[in-house]
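Undergrad: Handing you a structure now.
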Amino acid sequence: MNFACIHALNEAFPEANVNVHFVSINPSAVTPKGPLPHVKNIIAVASGKGGVGKSTVALNLALALAAKGLKVGLIDADLYGPSLPTMLGLQDAKPKVKTVYGKHKILPLESNGLHVISVGFIIEPEAAVVLRGPRLGAILKQFINDVIWPELDYMVIDLPPGTGDIHLTMVQTVPVTGALIVTTPQEVALADAIKAANMFRLPSVNVPLLGIVENMSWFTPAELPNNKYYLFGKGGGEILAKKMETKQLAQIPLVQAIREAGDLGKPAFRQDHSIVSKAFDELAEQTIKQVEARNSTLDQTNIVQINSNI
């Protein structure tokens, strides 16, 4: 009840004795924790090294989750090398802008049952993104705060390689449910993947690791579907999972169909390649299980406060 209402009551009923009591409410009890309270789970897909197929994994995981009837959004946070527009066949697509209470908001594009945003929808396809750290962070914040996201069961964030400004901006802006680390089996990739995983394990960040995705686990030629050739070594994902005290959620084979599907803008999960679809479906199943287990045992992740020691 506001003071105008109290005054009106006193005028109408002068004999009434109106008492006002003020109650202090803890803001954290009523304020949503983070800018996306209508997004149930936020999954970061990361890798310490480029070229391990992280964006392919992020996109096809999102598609596999959507195929299970879940509402899924996808942020392409790999701002220097946005590849999702090409992989979705949206190279020439531009997001629409809507004015909401006098502020310009961006409508995410919809493709293959996903709600998607990427800097590749804003800049020209061949334009270089030449930005310093703070500006990169500002773009990611805009993708989070100024995009009209619908209610989502999962938001998948495709991060750039490494452990830089964009990663820190993410954990300082949204409560990340958990992280998936993508690696190939080879030693060079594992060394960098450990660094990426350890970033999320920092006490000041404290984002749970949901698991490891081993990409390019083996090569299988189309004419010999039962053959496996371990071009990049064997068992690297399991080694990393044990070292990080988490699980290997899936092994994704290296097949020509995945590359062709990405180049043609027709995601591999949507194509009739049983070996590919099965691998990404397994990844989605395991991710859901890990998220459910995480949410049943841990509190929501805290948004990281700005800290000069990070």
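The values are calculated or read from the model by the stated rules, or taken from the named source; none is laboratory data. Owing to the predicted nature of the structure, the values given are computational and were not obtained by experimental measurement. With ideal geometry, Cβ positions are generated from the backbone for all residues, glycine too; neighbour counts draw on all protein chains shown.
Undergrad: Scan the range 184-217 residue by residue and report those that are aliphatic (A, V, I, L, M) and over 16 Å from K49 (Cβ atoms).
TA: L202, V205, V207, L209, L210, listed by residue number.
Undergrad: Give just the number: which of (1) at pLDDT below 90; (2) crowded, with 16+ Cβ neighbours inside 10 Å; (3) of a type in the set (G, A, S); (4) outside any loop (DSSP other than H, G, I, E, B) does A29 not satisfy?
TA: (2)
Undergrad: Can you pull out the residues in the range 72-83 that are crowded, with 18+ Cβ neighbours inside 10 Å and part of a loop (DSSP other than H, G, I, E, B)?
TA: A77, D78, L79, P82, S83
Undergrad: For the range 37-71, enumerate the residues that are in contact with a Phe, Trp or Tyr (Cβ under 9 Å, 6 or more places away or on another chain) and assigned to a strand (DSSP E or B).
TA: Residues of the range 37-71 in contact with a Phe, Trp or Tyr (Cβ under 9 Å, 6 or more places away or on another chain): 38-44, 46, 57, 59-67, 70-71.
Scanning the range 37-71 gives V39, K40, N41, I42, I43, A44, A46.
Undergrad: Yes or no: A128 at pLDDT 95 or above and small (G, A, S)?
TA: No: the conditions fail for A128.
Undergrad: What are the residues in the range 143-172 that are acidic (D, E), part of a loop (DSSP other than H, G, I, E, B) and without any contact (Cβ under 8 Å) to a residue 60 or more places away in the chain, if any?
TA: First, pick out the residues of the range 143-172 that are acidic (D, E): 146, 151, 153, 158, 165.
Next cut, part of a loop (DSSP other than H, G, I, E, B) only: 146, 151.
Within the range 143-172, D146 is the sole residue that qualifies.
Undergrad: When only residues in the range 232-266 that are surrounded by fewer than 14 Cβ atoms within 10 Å (Cβ to Cβ) and of a type outside the set (K, R) count, which is farthest from A193 (Cα to Cα)?
TA: The selected residue is L264.
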